[in-house]
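Take a look at the structure below.
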Amino acid sequence: MKFGIVVFPGSNCDHDCYYAVKEVLKQPAEFVWHGESRPPAVDVYVLPGGFSYGDYLRTGAVARFSPAMEAVRTHAAAGKPVIGICNGFQILLEAGLLPGAMLRNQSLQFVCKYTHLRMDSTRTPFTGRVAQGKVLRLPVAHGEGNYYCDDATLKRLRSEQRIVFRYCDAAGNPTPEANLNGSRDNIAGICSERGNVLGMMPHPERAMEPSMGSTDGRELFFSLLATALVRRR
């Protein structure tokens with residue numbers, strides 16, 4: 001399974017994602033420069049975290065126009081896996097590949113720490129092999145992670161089981177105190193209608209080794225690999 005990690009000016013988690021795929025998952029990976037209009041064929045696209053284009057205008061608002069995003073859109077339309085992490089999630093929202101928008105954190109402060117999130121949907125290939133309701137411990141690092149959508153969109157996300165992750169306490173309760181950025185319904189990650197596009201604010205690629213403080217990020221990457229192997233068989 002080949003991974004394409006899209007690199008924008010200002011990306012700073014691209015090498016973290018590369019390490020997670022290449023060294024932990026043991027799968028081929030290569031960087032895809034944002035300006036490539038015909039990027040190489042890959043099985044999975046990863047939009048990493050960082051500050052694409054310096055987060056000028058709005059987070060992800062400029063990156064959505066990058067030539068490489070056309071390949072990402074085509075990839076997603078074909079039902080193939082795409083994951084956007086942190087800034088990557090913001091880019092997916094701006095590109096219209098996921099519904100909703102990102103606002104400044106309710107505290108108006110940048111948040112950088114480990115947090116808990118509950119896995120609420122197995123609809124995606126990134127979570128299909130993870131037990132529903134499992135609590136993961138992953139780091140966050142963002143200033144605009146306050147997910148917002150209107151009432152109709154929230155109702156649809158709930159009914160279609162597209163809310164993949166919710167911020168919660170260690171016991172799995174999505175409390176107001178656990179909602180570190182003010183996101184609606186404690187949302188930490190959502191997926192597309194077909195489930196193949198996942199956007200999430202926490203960083204699984206930064207929780208791949210014991211020395212990082214958690215290995216819970218492996219759950220998502222190995223779930224993707226296991227799902228792909230099952231489909232091929």
Criterion violated by residue 156 - all others in (1) part of a loop (DSSP other than H, G, I, E, B); (2) loosely packed, with under 15 Cβ neighbours inside 10 Å satisfied: (1)
Only unsatisfied item for residue 69, checking (1) in contact with a strand residue (DSSP E or B) (Cβ under 6 Å, 6 or more places away or on another chain); (2) crowded, with 20+ Cβ neighbours inside 10 Å, is (1)
For the range 189-202, pairs from a residue that is touching a residue at least 40 places away in the same chain (Cβ under 8 Å) to a residue that is among the polar types (S, T, N, Q) and surrounded by 24 or more Cβ atoms within 10 Å (Cβ to Cβ), with Cβ under 6 Å and 6 or more apart or across chains, are 191/124; 195/124; 198/124
Note on the range 187-219: residues polar (S, T, N, Q), farther than 14 Å from residue 135 by Cα and over 15 Å from the mean Cα position of the chain (by Cα) are 211
Across (1) touching a residue at least 40 places away in the same chain (Cβ under 8 Å); (2) assigned to a loop (DSSP other than H, G, I, E, B); (3) acidic (Asp, Glu), residue 16 clears everything bar (2)
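Of all residues in the range 31-56 being free of Cβ contacts under 8 Å to residues at least 60 places away in the same chain and part of a strand (DSSP E or B), which is surrounded by the fewest Cβ atoms within 10 Å (Cβ to Cβ)?
Only one residue tops the list, namely 33.
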Residue check, residue 28 against (1) surrounded by fewer than 16 Cβ atoms within 10 Å (Cβ to Cβ); (2) over 21 Å from residue 226 (Cβ atoms); (3) touching a helix residue (DSSP H, G or I) at 6+ places or on another chain (Cβ under 9 Å); (4) of a type outside the set (Asp, Glu), all met but one. Which one? (2)
Within the range 201-211, residues closer than 26 Å to residue 182 by Cα and either at pLDDT below 95 or assigned to a helix (DSSP H, G or I) (or both) come out as 204, 205, 206
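The values are calculated or read from the model by the stated rules, or taken from the named source; none is laboratory data. These figures come from a predicted structure and were not determined experimentally. Cβ coordinates were reconstructed from backbone atoms using ideal geometry, including for glycine residues, and neighbour counts include every protein chain displayed.
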